[in-house]
Amino acid sequence: MFLINSDSAEQGISRRDVMKAGLWAAAGTLLMPSVAEAAAVKMPKSGSYDIAFVNTHTGERFSGTYRVGAKYLPDAFEEINYVLRDFRTNEVFPIDPRVIDIIYMVHRKTGRGSQPLEILSGYRSPKTNAMLRQASSGVARNSMHLSGQAIDFRMSGFSTRSLRDIATGFKAGGVGYYPRSNFVHVDTGKFRTW
């Protein structure tokens with residue numbers, strides 16, 4: 001089941017735009033291994049992969065299956081791309097399925113699968129990234145958010161330090177810890193921490 005709490009037509013985004021972004025994400029997944037395969041992380045080889053998250057800025061939610069076995073589901077990514085769009089510019093961009101694998105693994109390891117993750121940032125447009133860079137030195141000029149390969153998140157009632165430790169343990173991409181702002185950043189780049 002996929003849940004979205006907004007009318008995309010009112011937001012200036014057509015259903016065609018959302019579908020186009022979903023198709024790009026689906027096409028991209030054919031060319032890349034999952035994070036689990038790339039990092040040799042043990043994930044179930046079959047069955048479905050469910051994730052639940054809420055965009056803290058819009059209140060929109062995704063809750064459902066995004067992958068079955070090794071196959072990412074285009075319909076799910078149509079929804080995911082929309083919920084994780086740049087809410088400031090309303091731009092939808094394909095989210096790297098491997099970053100969803102990372103938050104799936106972290107979410108699963110918390111033991112709180114029914115509690116949604118709180119997403120602070122998914123895709124970030126160049127305009128938004130430039131604006132955020134002016135406001136904070138912690139925003140990278142070539143942020144992986146610009147290519148849909150990063151997510152900033154937290155979980156209510158669960159320590160961000162513990163989320164960081166879980167994510168770091170997988171050694172599956174970049175992990176940033178921002179205790180003052182109370183969130184963890186994960187991305188699909190090379191393994192590194194900060």
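The values are calculated or read from the model by the stated rules, or taken from the named source; none is laboratory data. This structure is a prediction, so every number in the text was calculated from the model and none was measured. Every residue, glycine among them, receives a Cβ derived from its backbone with ideal geometry; neighbour counts consider all protein chains shown.
What to note about this one:
- Condition check for Asn129 on (1) modelled with pLDDT of 95 or more; (2) polar (S, T, N, Q); (3) within 22 Å of Asn81 (Cβ to Cβ): one failure, at (1).
- Looking across the stretch 132-167 at every residue that is closer than 20 Å to Asp101 by Cβ and among the small types (Gly, Ala, Ser), the one that is modelled with the lowest pLDDT is identified as Ser143.
- Enumeration of residues in the stretch 99-123 that are farther than 19 Å from Glu79 by Cβ and either of a type in the set (D, E, K, R) or in contact with a Pro (Cβ under 7 Å, 6 or more places away or on another chain) (or both): Arg108, Lys109, Arg112
- Taking the stretch 107-128 as the range and being touching a strand residue (DSSP E or B) at 6+ places or on another chain (Cβ under 7 Å) and in a helix (DSSP H, G or I) as the test, the residues that pass are His107, Thr110, Thr128.
- Close pairs (8 angstrom Cβ cut-off, 6 or more residues apart or separate chains): at positive phi in the stretch 129-157, buried (at least 17 other Cβ atoms within 10 Å of the Cβ) and among the β-branched types (Val, Ile, Thr) anywhere: Gly148/Ile95; Gly148/Val99
- If only residues of the stretch 48-75 that are among the hydrophobic types (A, V, I, L, M, F, W, C) and within 15 Å of Pro116 (Cβ to Cβ) are counted, the one that is surrounded by the fewest Cβ atoms within 10 Å (Cβ to Cβ) is Ala52.
- Selection of first residues in the stretch 88-103 that are without any contact (Cβ under 8 Å) to a residue 40 or more places away in the chain and of second residues that are not in a strand (DSSP E or B), restricted to Cβ pairs under 8 Å at least 6 apart or on distinct chains, gives the following pairs, ordered by first then second residue: Thr89/Ser125; Thr89/Lys127; Thr89/Thr128; Glu91/Arg85; Glu91/Tyr123; Glu91/Ser125.
- When the stretch 129-153 is filtered for residues that are part of a loop (DSSP other than H, G, I, E, B) and within 16 Å of the chain's Cα centre (by Cα), the ones remaining, listed by number, are Ser143, Gly148, Gln149.
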